[in-house]
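Heads up: the structure comes next, in structure tokens.
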Amino acid sequence: MFAFRGDTVLDPFMGSGTTSLAAKNLERNSVGYEINPEFIEIAKQKLNTKQPDFMGTEYEFLHDAVKGDIVAAIKQLPYQFKDPHKLDKKTDPRKLTFGSRIEKENEAEREEFFTVKEILSPEKVRLSSGLTVKLIGIKSEPFTHDKAVGYLTEKIKGKRIFLKYDALRFYSNFEVVCHV
């Protein structure tokens with residue numbers, strides 16, 4: 001799907017507002033709906049709603065209040081779904097996170113962050129834990145070695161990173177092979 005400048009993009013599952021941010025950056029209008037009120041503050045922060053921009057972007061966050069008895073209203077609907085199968089449900093979907101970063105009751109396992117202690121080469125870095133990591137997709141060229149080390153030093157040395165692994169996790173001599 002695509003939209004032209006000035007078009008309106010509809011995001012029925014707004015979440016943290018990434019689609020609205022992309023629409024704003026590409027000079028499109030956007031309308032987003034989100035039923036989880038915890039995402040609203042995250043979307044406001046991502047869209048930087050407190051600071052006016054030169055384009056005069058306007059933001060409006062509405063909250064629909066539920067009126068009346070929901071259970072009674074559902075019982076009056078002509079298209080109520082009745083599941084004829086009585087399944088032995090072994091998994092409670094309410095306990096699954098499905099990638100949501102906002103989880104108050106069940107704290108989902110987060111990525112473990114590491115700090116880059118030393119840049120050994122354009123292909124290898126040492127973490128504060130003492131672990132040496134071989135970077136996937138990096139091929140060292142002798143004539144750009146110093147420039148590549150300088151770039152990595154500027155971008156990641158002393159910064160917190162998390163590791164993403166491919167199928168092959170260990171290379172040799174206890175070096176971990178991963179994406180940073």
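The values are calculated or read from the model by the stated rules, or taken from the named source; none is laboratory data. What you see is a predicted model, and the numbers here were worked out from it, not measured in a lab. Ideal geometry is used to build each Cβ from the backbone, glycine not excepted, and the neighbour counts take in all protein chains shown.
Counting only residues that are surrounded by 13 or more Cβ atoms within 10 Å (Cβ to Cβ) and of a type outside the set (A, V, I, L, M), which one in the stretch 17-26 is farthest from the chain's Cα centre (by Cα)? Ranking the candidates gives Lys24 first.
Restricting the first member to the stretch 51-68 and to residues that are not assigned by TED's automatic domain parsing to the domain that holds Tyr33, and the second to residues that are among the hydrophobic types (A, V, I, L, M, F, W, C), no beta-carbon pair is closer than 9 Å while six or more apart or on different chains. How many of the residues making up the stretch 27-46 are surrounded by fewer than 13 Cβ atoms within 10 Å (Cβ to Cβ) and either small (Gly, Ala, Ser) or in contact with a strand residue (DSSP E or B) (Cβ under 9 Å, 6 or more places away or on another chain) (or both)? The total comes to 1.
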